[in-house]
Structures are given as C-alpha cells and as structure tokens.
Amino acid sequence: MIISKTKGKRILLVHDLCDHNTLDESALEKLSSVLGEHEIEVLTATTAFDAEMMIVADPMIQAILLDWDLAEDNTHQAAKDVLNKLRSRAENVPVFLFADRADVADIPLEVLKETSDFIWLYEDTANFIAGRIEAAIDTYMKNLLPPMFKALAKFSQVHEYSWHTPGHTGGTAFMKAPAGRAFFDFFGENLFRSDLSISVGELGSLLDHSGPIGASEKYAAKVFGAHRTYHITNGSSTSNRVIFMACVTRNQVALCDRNCHKSIEQAMTMSGAIPNYMMPLRNFYGIIGPIPPQALQAEAIKKTIAENSLITKDIDATPVHAIVTNSTYDGLCYNARRVEELLGQSVDRMHFDEAWYGYARFNPIYKDRFAMYGNPADHKPTDMTVFATQSTHKLLAALSQASFIHIREGKKNVDHSRFNESFMMQASTSPNYPIIASNDITAAMMDGKGGKALTDESIHEAVAFRQLMAKLNADFADQGEWFFNCWQPDFVKDAEGKKIAFRLADPEYLATEPECWVLHPNDAWHGFGDIEDGYCMLDPIKVSISTPGIGPDGLGEMGVPASILSAYLTANGIIPEKTTDFTVLMLFSIGITKGKWGTLIDTLIKFKEDYDNNTSLEEVLPDVVKAAPQRYAGMGLRDLCEEMFAAMKELKTTEFMSEGFAVLPHPDMSPSAAYEQLVLDNVEKVDLDGVAERTLATGIVPYPPGIPLIMPGENAGPADGPALGYLKALEGFDRRFPAFEHDSHGVEVKDGKYYVTVLKK
C-alpha cells in the first residue's frame with residue numbers, strides 16, 4: 001500500500017497478515033492510514049525476501065516496521081534476516097518491532113541492540129504510534145547528512161537576496177533569456193541555489209578550511225583513515241601538483257614511478273624537481289605491472305641515482321619524495337606496507353596516486369593494499385609521512401573534478417600552515433560548492449557499514465561477470481571456437497587448498513578471499529615473472545576483457561584487435577574505459593548492475609556472431625564507414641579484423657610497444673628546464689624523420705597505455721631505437737586505418753604525419 005509522499009518520508013512495513021478481518025491487520029491498516037495523514041509514504045512487503053530486495057533497491061527508506069512473527073516461524077529467522085540485511089547497509093535506520101508483550105522477554109539481546117522501539121498495536125493509539133515513528137524519522141534524518149551538504153542544503157532554502165557573486169544570483173539571471181531558461185530548467189533550481197560565493201560565511205571557507213567545509217574535511221579524514229584531509233575541486237591532477245609543490249623544490253630529487261599520470265610530469269615541471277624513475281614491469285598484453293620490490297631497495301635506488309645524469313655533484317642526491325601509482329590503471333594493487341618498508345630506507349615522504357582506488361579502505365579484500373591502511377592512531381611520528389590522492393569522481397560517487405588529499409603525519413611532516421600555502425596556489429577563491437558537497441556525500445556513503453555493502457556489490461558483480469566469461473570461453477573452446485576472456489587467474493586454490501578452475505570456484509570465496517587475486521611468482525596468467533609472492537594483487541572490479549591474438553610467446557595466427565571490439569561496443573552504447581592492442585578495460589564501479597553487464601555479455605556474443613558471419617561494416621560499424629567510406633566500402637567485420645591484425649604483425653606495433661617502454665630514454669635536462677625552453681620559444685616542430693637524437697620539449701604519452709614514452713627534457717634516441725620505432729609503427733598504423741587513430745599527447749598529426757616539439761639545435 002502506498003500513501004502520500006509529499007514530505008519525502010518513507011517507511012517499510014514488513015508483515016504477512018493477509019486476512020483483512022483479523023485484529024492485527026485492521027490495526028496495521030489504521031496505522032498506515034494515520035501515517036498517510038502525517039504525509040509518510042508506507043511501502044509494504046509480505047515476505048522476508050521482498051523486504052530484503054526493497055532495502056537494497058530503496059536507500060530512502062527511513063524506518064522499518066517489522067513483524068517479529070513474520071512467516072510464523074518459531075525461530076523468528078525471517079525477521080532476523082530482514083534486520084541483518086538492513087544493518088549490513090544502514091546502521092542507524094530506526095526499526096520498530098511489533099510483537100506481543102509476552103514475546104518481548106524472549107527476543108535475543110543481539111536483536112534488541114539493533115531495534116529502536118516496540119509497537120503495541122492494541123495498547124497505544126495509531127496517532128501515538130505514528131507520532132513516535134515520525135519523531136524517530138526526524139532524528140534519523142537530522143543526523144543523516146554530513147556537515148557540508150547539510151549546511152549547503154539548509155542555506156539553499158533561505159532564499160536570501162544576494163548582492164555578491166556569482167552573477168546568476170541563484171539562477172534568476174538565466175531566466176531572463178530563452179537559452180538561459182532552458183539551462184535553468186535542465187539542471188533545476190537547487191543547483192543554482194547551491195552555487196555560491198566565498199562571501200557566504202555560513203558555509204565556511206575552502207581556503208581557510210573553516211566552518212562546515214572544515215568540519216567536512218575532518219569528517220572525511222575520519223572516514224578515510226587520515227590525520228588530515230583536503231577537498232580538491234579540480235581533480236587529482238591538482239591534488240598531485242599541490243603535494244609536489246608542498247614537498248619538493250628546485251633541484252631536489254624525487255623518486256617517481258615511470259607509470260605516472262601526466263599531472264606528475266606537470267608537478268615536477270612546476271616544482272623544479274629532478275625525477276629519478278622507478279621502472280614498472282610489463283607483460284605480453286602490454287599491461288603495465290608493478291615496480292618490482294628489488295627496484296625499491298635502498299641499494300637499487302642509490303644505483304639509479306648514481307646513474308642519473310641530471311643529478312650532478314652540486315646537487316644533494318638524497319631523495320625527498322617518492323610517488324607510486326596505486327592501483328595501476330589496469331587494477332594492480334601494491335601491498336602498501338611492503339612499499340613503505342622498502343622505500344622508507346631511502347626517503348621520508350611517500351605519495352600514493354590512488355586516483356582510481358578511493359574505495360579500497362572499505363572492503364577487507366584490499367587489506368593493507370592502500371595508502372591509509374589500518375588505524376591512523378597506529379601511525380608513529382617515526383614512520384613515513386604518507387600522502388594519498390583520490391579522484392572521488394572516478395570510482396566513488398562524487399561529481400566530476402572532485403578529489404581528496406589524505407595525509408598521515410610522520411617523518412618530515414609538512415604541517416597544515418605550510419601545506420596550505422601550496423593548496424592555495426592551486427585552489428580557487430570561487431570553488432564550486434556542489435563539488436565539495438558531493439565529496440561530503442561520498443564520505444557519508446562509505447561511512448560505517450555502507451562502504452562495505454557498496455563495494456561488496458561491485459566485487460560480487462565483477463566476479464559473476466568474470467566467471468561467466470571464463471565459462472563461455474571454455475564452452476567455445478570445447479567446440480573448437482574462439483571467444484573473449486578476462487585477464488585473471490586461470491586457477492585458484494579453494495578454502496581447503498585444492499587447485500580449481502576459476503570458473504568453477506565458489507563465487508563467495510572469490511569475492512572475499514584476497515589470496516585468489518594475488519600475483520604468485522611465475523604464474524603464467526599475469527606474465528610478470530618471478531614476482532615477490534603477495535606483493536601485488538589484481539583488483540577484481542577492474543576487468544580487462546582480452547581478445548584473441550596474443551599470448552606469452554607473441555602474436556598468434558588469428559587475432560581480433562581490441563580497437564575493433566571497442567568500436568563495436570561503442571556502436572552498441574557500451575563505452576569502455578581503456579583499449580590496448582588486445583584488451584578492453586571495463587570498470588565495475590559501485591553503480592554497476594546485473595542488467596548493465598548482462599548487456600555487455602550479449603554484445604560480446606553478438607560480436608562473435610557478426611565476426612563469424614563477416615557481417616558488413618555498414619551494418620555493424622556505420623560510424624567507421626562514414627568516416628572513411630572509400631577505405632571500408634564492401635568490407636565485413638572479419639575482413640577488417642584480419643587486415644588490421646596482419647598490419648599489426650607487419651608493423652610490429654605490439655613488439656615496439658614492449659621495447660619502447662622497457663628502456664628509459666637519456667635525460668638531457670630536467671622537465672622544468674625543458675618547459676622553460678618551451679616558454680622562451682626555443683623550440684621547433686619536426687616530423688619523426690627529423691627527431692632522432694633531439695631533446696623533447698614536451699612529453700609524449702601514447703593512449704593507450706597512457707604513461708610517458710618520452711618525458712620533457714629526454715632524448716628521443718636513435719632513428720632505429722625503441723621509442724622512435726614505436727612512434728613510427730603507430731604513425732604507419734594510423735595511415736592505414738582511419739577512424740582507428742591513436743591518441744598520443746605531445747604528438748601533432750598533419751596529413752597523416754606525426755610531428756613533435758623539440759628544442760632547437
């Protein structure tokens with residue numbers, strides 16, 4: 001039964017009384033009617049299963065009215081199941097049990113602890129009970145919202161006349177013109193009422209970290225396990241730059257993961273740091289692996305510093321900062337304790353770029369594999385100072401550009417006042433308040449048991465998808481046919497230590513046991529060789545779909561280039577996160593649903609059917625044909641796959657990629673010095689034939705894989721070297737396959753030729 005919902009208050013009534021002639025049913029109907037008069041919506045579930053589904057599906061349920069005698073089971077298990085499901089997701093939603101007084105003495109203590117009150121259907125009036133329920137809802141809602149969003153929502157309802165910025169004054173400016181009115185109607189009034197100026201003192205200041213904004217940062221620090229947390233409203237790129245500018249200055253040495261985001265390059269450029277790179281592993285798919293632990297040893301760090309031509313005798317060679325990407329783009333997660341143990345021998349400050357990994361703290365499967373692991377109270381002043389940057393908009397639920405900086409204070413700590421000077425260099429005096437509020441809400445969503453419930457769902461859905469893919473791959477193989485697979489272990493050990501095929505393993509065990517995802521030494525599936533056991537783990541929610549064509553021994557006889565699969569998926573309304581030569585990355589974020597990944601499975605099966613039937617490109621990839629009609633006229637899907645795969649063999653794109661990223665180019669100058677030459681216009685653009693042995697003014701970052709091939713200030717190397725070999729292979733590929741061109745930062749394309757910016761001779 002559904003009654004009025006004017007106030008947005010909603011409760012769930014769970015009972016199985018279907019006989020309208022009983023006193024219990026009559027009393028519940030009367031109570032529901034009175035609750036409706038209080039403008040409280042009443043949802044009804046008559047089974048434990050229905051109730052559990054409604055709890056999962058509707059987070060706006062603000063109270064539960066639960067029949068203790070549900071299903072007339074003497075064990076009361078049905079009622080207990082409903083209560084357990086609720087508490088696994090929401091700790092504070094009020095629960096009212098209705099039961100006979102005689103039964104109360106027999107209710108277990110663990111149930112009593114999880115309930116708020118009892119309902120005596122025959123002893124209290126419906127008005128009285130409804131009032132108690134409404135009061136409980138009001139208390140719950142009062143404490144539900146985190147500090148920043150609560151203050152923002154409250155202020156937006158004041159409807160004051162403002163004489164300060166922004167000029168749209170709560171959206172009214174937009175209503176003065178047709179285009180503006182369309183814009184206003186699209187987003188709604190609340191957005192504009194909450195787009196405010198720093199002049200609004202009630203909300204505090206992002207720059208001073210005061211008021212509700214300051215309270216929100218303290219709240220987020222508690223939730224994410226930090227000593228201090230800062231809101232960032234321009235993405236983790238800004239977060240990384242803030243940390244570098246606070247920790248490193250000109251001609252100081254920073255240990256840098258070569259698998260770094262371009263914002264780290266920018267941070268080194270702005271700070272004047274001298275990078276000393278730590279090289280990650282790479283497998284046969286071209287997937288970037290972890291930095292091996294041997295490379296993090298003090299002896300290895302000293303050796304690379306001694307060999308770094310940028311670190312001259314007049315420069316202090318002691319590193320002051322270290323940056324490591326965790327997890328990697330493809331979902332490889334370090335044991336953060338181990339990384340700190342190793343790098344702590346060489347440097348006092350550790351910086352984990354966790355842009356894609358903000359959820360890790362909230363699920364035990366990631367234990368010790370994120371920067372803010374454990375209890376911050378256990379972090380000693382003699383431990384490393386640890387920073388973490390997180391793009392809360394990527395795999396959490398914040399708005400685009402939302403980010404956090406988390407800090408655990410230790411050796412060579414940068415105190416708040418010093419750190420805030422760097423923060424203010426990058427922050428705006430006119431921050432976007434909805435972005436800050438979305439960070440606030442993200443913290444609230446992950447607080448308590450909510451974070452585990454949300455991440456559990458993502459992991460379980462990812463496991464279900466992975467197992468079905470493995471099963472389909474095996475089924476097709478039994479028929480002598482190809483299909484896609486996922487990059488994951490082929491076998492796992494079950495709870496008894498027995499080796500079992502991944503597709504046959506217990507899904508619950510896969511979703512909860514980290515050991516199933518750990519990279520063990522010399523396991524063929526990961527391709528990273530004799531890696532230290534337990535050092536690295538694959539994140540189950542980052543799913544790389546692999547296409548046929550490559551294995552540990554190189555390219556095979558038949559192949560399906562992943563770029564064609566990616567184009568096919570896009571044509572069917574499925575947008576992958578990343579595409580390499582033979583992998584397509586899909587992210588199982590907290591917004592994933594069975595319907596979403598079920599559609600993906602169906603589309604993959606349809607691709608195989610269209611491949612086998614050589615379906616016309618005009619039918620399956622119309623946008624590709626439209627982009628280059630003469631090039632693709634009359635071709636089928638299998639024709640294109642075969643031609644592109646043959647070209648990849650001929651051009652050696654995959655081989656050159658492996659070679660190009662395996663060797664560090666020689667640094668002629670620091671990134672900062674190269675940028676200074678760019679600003680002075682002491683640069684020129686040259687094609688690939690003229691770039692040999694030249695110094696790059698801007699870095700070259702091919703996507704994929706999205707890590708630097710050549711950094712600013714580094715030498716391009718010889719004409720037949722690995723870096724230029726790779727770029728020439730990409731250039732040749734792009735000419736042959738319009739609509740499938742690569743995206744490489746630092747490369748300009750004119751008439752099919754690659755041009756890069758180098759220093760003048």
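The values are calculated or read from the model by the stated rules, or taken from the named source; none is laboratory data. All of these numbers come straight from a predicted model, not from anything done at the bench. We place every Cβ from the backbone using ideal geometry, glycine too, and count neighbours over all the protein chains shown.
Yes or no: the range 583-606 includes at least one residue that is at pLDDT 95 or above and acidic (Asp, Glu).
So far as the range 583-606 goes, yes, one or more of its residues are at pLDDT 95 or above and acidic (Asp, Glu).
If I filter the range 540-552 for residues that are without any contact (Cβ under 8 Å) to a residue 24 or more places away in the chain, part of a loop (DSSP other than H, G, I, E, B) and surrounded by fewer than 22 Cβ atoms within 10 Å (Cβ to Cβ), do I get at least one hit?
no
Tell me, yes or no, whether the range 393-404 has at least one residue that is in a strand (DSSP E or B), farther than 30 Å from residue 612 by Cα, among the polar types (S, T, N, Q) and within 21 Å of the chain's Cα centre (by Cα).
Looking through the range 393-404, at least one residue is in a strand (DSSP E or B), farther than 30 Å from residue 612 by Cα, among the polar types (S, T, N, Q) and within 21 Å of the chain's Cα centre (by Cα).
Can you find even one residue in the range 280-296 that is assigned to a strand (DSSP E or B), assigned by TED's automatic domain parsing to the domain that holds residue 339 and surrounded by fewer than 21 Cβ atoms within 10 Å (Cβ to Cβ)?
Scanning the range 280-296, I find at least one residue that is assigned to a strand (DSSP E or B), assigned by TED's automatic domain parsing to the domain that holds residue 339 and surrounded by fewer than 21 Cβ atoms within 10 Å (Cβ to Cβ), so the answer is yes.
Of 312, 328, 304, 318, which residue is closer than 16 Å to residue 258 by Cα and either among the basic types (Lys, Arg) or surrounded by fewer than 20 Cβ atoms within 10 Å (Cβ to Cβ) (or both)?
On inspection, the qualifying residue turns out to be 304.
I'm trying to understand the selection: among the residues of the range 1-27, which are at pLDDT 85 or above and within 20 Å of residue 72 (Cα to Cα)?
Once the filter is applied, which keeps residues that are at pLDDT 85 or above and within 20 Å of residue 72 (Cα to Cα), the range 1-27 yields 12, 13, 14, 15.
Which of the residues that make up the range 492-506 are surrounded by 15 or more Cβ atoms within 10 Å (Cβ to Cβ) and part of a strand (DSSP E or B)?
Once the filter is applied, which keeps residues that are surrounded by 15 or more Cβ atoms within 10 Å (Cβ to Cβ) and part of a strand (DSSP E or B), the range 492-506 yields 492, 493.
Which condition number does residue 529 fail, the rest of (1) surrounded by fewer than 20 Cβ atoms within 10 Å (Cβ to Cβ); (2) at pLDDT 95 or above; (3) part of a loop (DSSP other than H, G, I, E, B) being met?
With respect to (1) surrounded by fewer than 20 Cβ atoms within 10 Å (Cβ to Cβ); (2) at pLDDT 95 or above; (3) part of a loop (DSSP other than H, G, I, E, B), residue 529 is out only on (2).
Based on this model, can you work out whether residue 150 counts as under 21 Å from residue 448 (Cα atoms) and surrounded by 15 or more Cβ atoms within 10 Å (Cβ to Cβ)?
yes
Which is in a helix (DSSP H, G or I), crowded, with 17+ Cβ neighbours inside 10 Å and in contact (Cβ under 8 Å) with a residue 12 or more places away in the chain, of 590, 564, 601, 605?
564
Please report, ordered by residue number, the helices (runs of 4 or more DSSP H) entirely within the range 203-271 with at least 3 residues that are at pLDDT 95 or above and not aliphatic (A, V, I, L, M).
The qualifying helices (runs of 4 or more DSSP H) are 211-224, 235-247.
Identify all residues within the range 405-451 that are assigned to a helix (DSSP H, G or I), among the basic types (Lys, Arg) and at pLDDT 95 or above; write none if there are none.
Matches in the range 405-451: 418 only.
Being closer than 25 Å to residue 90 by Cα and small (Gly, Ala, Ser) is the filter; apply it to the range 112-130 and report the residue that is modelled with the highest pLDDT.
Here the residue is 130.
Which residues, counting only those in the range 176-230, are in contact with a Pro (Cβ under 8 Å, 6 or more places away or on another chain), surrounded by 14 or more Cβ atoms within 10 Å (Cβ to Cβ) and free of Cβ contacts under 8 Å to residues at least 60 places away in the same chain?
The answer is 204, and nothing else.
Would you check if residue 367 is of a type in the set (Lys, Arg), in contact (Cβ under 8 Å) with a residue 12 or more places away in the chain and closer than 29 Å to residue 146 by Cβ?
So residue 367 fits the description; yes.
Please go through the range 48-65 and pick out each residue that is surrounded by 15 or more Cβ atoms within 10 Å (Cβ to Cβ) and either part of a helix (DSSP H, G or I) or hydroxyl-bearing (Ser, Thr, Tyr) (or both).
Hits for the range 48-65 are 48, 50, 51, 52, 54, 55.
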